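The values are calculated or read from the model by the stated rules, or taken from the named source; none is laboratory data. Note that this is a predicted model, so its numbers are computed, not measured. We place every Cβ from the backbone using ideal geometry, glycine too, and count neighbours over all the protein chains shown. Remember, those area values only see protein heavy atoms, side chains included, never the ligands or the DNA or RNA. Shrake-Rupley method; radii C 1.70, N 1.55, O 1.52, S 1.80 Å.
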Amino acid sequence: LSFVCSSVLSSGINAEYGEIISIESYDNGSTIASVSCPADTDTIRYDLQTSSRSAESTECTKETGYYDPGFVGSCAPQYPFSTGYVEKTWSIGSIGVPVCTSTPSGSLIEYNTVNMIAKLENENETICGPRNVAPCLISGNCTLVTDDDTKTGCSYASSTGKLSIFYTVEFNFTIWSKTERNAMKDPASTLKWYSCSQNYTETMSKRKRSIDDSSKLVDFSNVIEDDAAAAAEMEHQQQIEEPSTTDNYPYFMGVGVVAGIATIAILITAIVLKRRRTHTPVATEEA
């Protein structure tokens, strides 16, 4: 029994991301289907993805009459990172000072919201803020976002006593990998917000200011950063800030969804009824 591979259906191919699929027939009766990805550009790159069910090329022989594996790989798109977000959290409830609220005043005035944000954004600050710890800010390879308090700022949760400080940077050149992005944005040392080099004495409005605790002095030097909480929040926030940026290919193996489902059904039929010369279409693999 011999099959003619050149007659195997190929209409199931659905190149959603511009996959280039070629099919070549040989004198020995076999046919090889191969896939390649579009050329990279400044705004998108492609990575050929395969699995146990797919390959860069797949062969149909005259002895079987179907392709094995039954799928060619798919091209997963990569998009560059333009920004990086960092959030760090400290548990300070036991200190008794609601940092980054309208409350601190007097000798504690540097810890109100206005002054805490000033510490993060001050270009002349040599101890506190991201400019002194973020590698890309130190090297001049990124710019700190300072016009949006939801991207660079702080918050305090009175119910848990947790202080969160966060910042966003915009990279000055294209970054394609998450590893490189993290190396550029993540603090190389402790992100400090106390014992700063500059004085911060801006007041909140009288409407917002609730107490004057001018007699109280506080030492924050022993406050330990809550890395676990910060890491979880950082990942959550990155999903919000960078929904279109990926290092893990959100459309992984998403090519040929409809064709792939049909192909699986045809493949099962081909195995059972191959003596009737029922053949398997080649398709890009679905997730």
task = Roll a 1.4 Å probe over the protein chains and send me the accessible area per residue for region 23-163 in Å².
result = 42
message = How big is region 1-108 along each principal axis, measuring the range of its Cα positions in Å and listing the largest first?
response = 92, 31, 18
ask   = Once fully extended, how much extra length lies between residue 2 and residue 91, figured as 0.36 nm per residue of separation less the alpha-carbon to alpha-carbon distance?
value = 24.7 nm
task = Pop out the Kirkwood hydrodynamic radius of region 40-169 from its pairwise C-alpha distances, inverse of mean 1/r, in Å to one decimal.
result = 18.9
query = Where the accessible area of region 1-137 is counted over protein heavy atoms with a 1.4 Å probe, how much of it, in %, is carbon and sulfur?
reply = 46
query = Given a cut-off of 19 Å, what percent of all Cα-Cα pairs of region 46-98 lie beyond it?
reply = 62
key: Label point distance in nm, residue 126-residue 186, each placed 7 Å from Cα along Cα→Cβ   = 2.9
request  = Please work out the C-alpha center-to-center distance from region 81-109 to region 23-59 and express it in whole Å.
outcome  = 52
task = Starting from the Cα of residue 25, step 7 Å along the direction of its Cβ; do the same at residue 202; then give the gap between the two resulting points in nm.
result = 7.5
query = Using a Förster distance of 25 Å, how high is the FRET efficiency between residue 41 and residue 148, based on the Cβ-Cβ distance and rounded to 0.05?
reply = 0.30
